[in-house]
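Asks: Below is one structure. I have some questions about it.
The values are calculated or read from the model by the stated rules, or taken from the named source; none is laboratory data. Predicted, not measured: the structure shown is a model, and the values here were computed from it. Cβ sites come from the backbone with ideal geometry, for glycine too, and all protein chains shown count toward neighbours.
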Amino acid sequence: MSEAVATSAPTWDRARVLRWTRDNGVYAALVLLLLYNLFFTPRFMTWSNLEVQLTLSTRVIVVALGMAMVIGTGGIDLSVGAVMALAGGLLVQFSGVNGYVAIALVLVGGALVGALNGVLVGYIGVQPIVATLAFLFAGRSIAQLLLAGKNPSVSDPVVLGVAGNKPLGIDGLIWAALAAIAIVAFLMRRSTYGRRLLAIGDNSRASFLSGVPVAPTLVLVYVASGVLAAWAGVMDTSSITSANALSSGLNYELFAITAVVVGGTPLTGGRVRVLATVAGAILMQLLRSTLIFHSATDAISQMITAVVIVVAVYIQRVRKRA
């Protein structure tokens, strides 16, 4: 009897360690990285630099929040970077109207792209990676057509104020990201929508049989992702004061997926970790900046990022079996 107990104890301890690592690993890694920079990177841990790092991570945070919800259903959204580019093109097209109206129309454009993706996935049954891959290419092409191959500047004070204003001395992009975080956190923790989303990711068939409106919920999930990507596009355009169809949102679908995975949201769906996704985005930004501060090449930076992703996925996989 005692021998059996002795044999089972390490397994239980291992499971608990893996569970803790999955749930808190991104926060622990973030603290360790900050401590490393405190001792080994001169002038890194100043408020001015940390504010810059947070500002640089804001657009990825916003896109990653939408990606986390999509992944929570067991799907994926590869169109988010193209939607960011499209947002810049639409802002230029709507430059003659009120800035608030222009931003609202851009968000509607993001919602329409998301609705199209959601209909393809939820009602027609197209695989999410295929449905969203189409707009990964089409969206940026449409943005190029809207901008006629140019990079026009944006002068609307409302649009520029998204990044330019500094309420309480804090960068406007940080406030823009905080607004998105608050809305997504409320939806996931306090709304029926959030519960339905997680139920679909956990077991889509069982959710349907239980009366959950699977297809409409999936449409709303992709709409949310499209709106958040469009909002990130507005933030990006406001920050650089111009629209660029080629560079705006480039590779952001990969950055967002990385933040979600590092944050501990399983790719299999059924769970969305909002704050951990935010921490994942900040962690990856700080890691890139740390490597740059220490003169690491881009190749080394990409290799380290790849290792972080593999470790995060491994922890999720092993935890699931433990």
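Asks: Just name the residue that is surrounded by the most Cβ atoms within 10 Å (Cβ to Cβ) out of those in region 66-118 that are within 24 Å of Asp202 (Cα to Cα) and among the β-branched types (Val, Ile, Thr).
Replies: The qualifying residue surrounded by the most Cβ atoms within 10 Å (Cβ to Cβ) is Val80.
Asks: Would you check which residues across region 28-43 are touching a Phe, Trp or Tyr at 6+ places or on another chain (Cβ under 8 Å) and in a helix (DSSP H, G or I) and list them?
Replies: If the condition is that a residue be touching a Phe, Trp or Tyr at 6+ places or on another chain (Cβ under 8 Å) and in a helix (DSSP H, G or I), then Asn37, Leu38 are the ones that fit.
Yes/no per residue for (1) of a type in the set (D, E, K, R); (2) surrounded by fewer than 22 Cβ atoms within 10 Å (Cβ to Cβ); (3) free of Cβ contacts under 8 Å to residues at least 24 places away in the same chain; (4) on the phi < 0 side of the Ramachandran plot:
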site	(1), (2), (3), (4)
Phe255	no, no, no, yes
Val260	no, no, no, yes
Val272	no, no, no, yes
Ser289	no, yes, no, yes
Ala296	no, yes, yes, yes
Ile300	no, yes, yes, yes
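Asks: How many residues does region 122-132 contain that are in contact with a Leu (Cβ under 7 Å, 6 or more places away or on another chain) and either farther than 20 Å from Gly72 by Cβ or surrounded by 22 or more Cβ atoms within 10 Å (Cβ to Cβ) (or both)?
Replies: 3
Asks: Then there is this: Looking at region 146-169, which of the residues that are free of Cβ contacts under 8 Å to residues at least 24 places away in the same chain and in contact with a helix residue (DSSP H, G or I) (Cβ under 8 Å, 6 or more places away or on another chain) is nearest to Met235 (Cα to Cα)?
Replies: Asn165
Asks: Residues being surrounded by 11 or more Cβ atoms within 10 Å (Cβ to Cβ), of a type in the set (Val, Ile, Thr) and modelled with pLDDT under 90: count how many of those fall in region 1-52.
Replies: Residues that pass the stated criteria total 2.
Asks: Separate question: Do you know which of the residues in region 164-209 that are among the polar types (S, T, N, Q) and surrounded by 13 or more Cβ atoms within 10 Å (Cβ to Cβ) is farthest from Ala68 (Cα to Cα)?
Replies: If we filter region 164-209 for residues that are among the polar types (S, T, N, Q), which is where we start, we get 165, 191-192, 203-204, 207.
Retained after the next criterion (residues that are surrounded by 13 or more Cβ atoms within 10 Å (Cβ to Cβ)): 165, 203-204, 207.
Details: Asn165: 28, Asn203: 17, Ser204: 17, Ser207: 19 Å.
Among those that are among the polar types (S, T, N, Q) and surrounded by 13 or more Cβ atoms within 10 Å (Cβ to Cβ), it is Asn165.
Asks: A further question on this structure: Within region 88-102, can you find the residues that are β-branched (Val, Ile, Thr) and within 18 Å of Gly139 (Cβ to Cβ)?
Replies: Matches in region 88-102: Val92 only.
Asks: Still on this structure, I have one more. Looking only at region 212-233, decide whether some residue is more than 20 Å from Gly249 (Cβ to Cβ) and either without any contact (Cβ under 8 Å) to a residue 60 or more places away in the chain or in contact with a strand residue (DSSP E or B) (Cβ under 8 Å, 6 or more places away or on another chain) (or both).
Replies: Yes: one or more hits.
Asks: Next question, about the same structure. Failed condition for Ala243, given (1) at pLDDT below 95; (2) surrounded by 24 or more Cβ atoms within 10 Å (Cβ to Cβ); (3) closer than 22 Å to Ile129 by Cβ, with all others met?
Replies: The number of the failed condition is (3).
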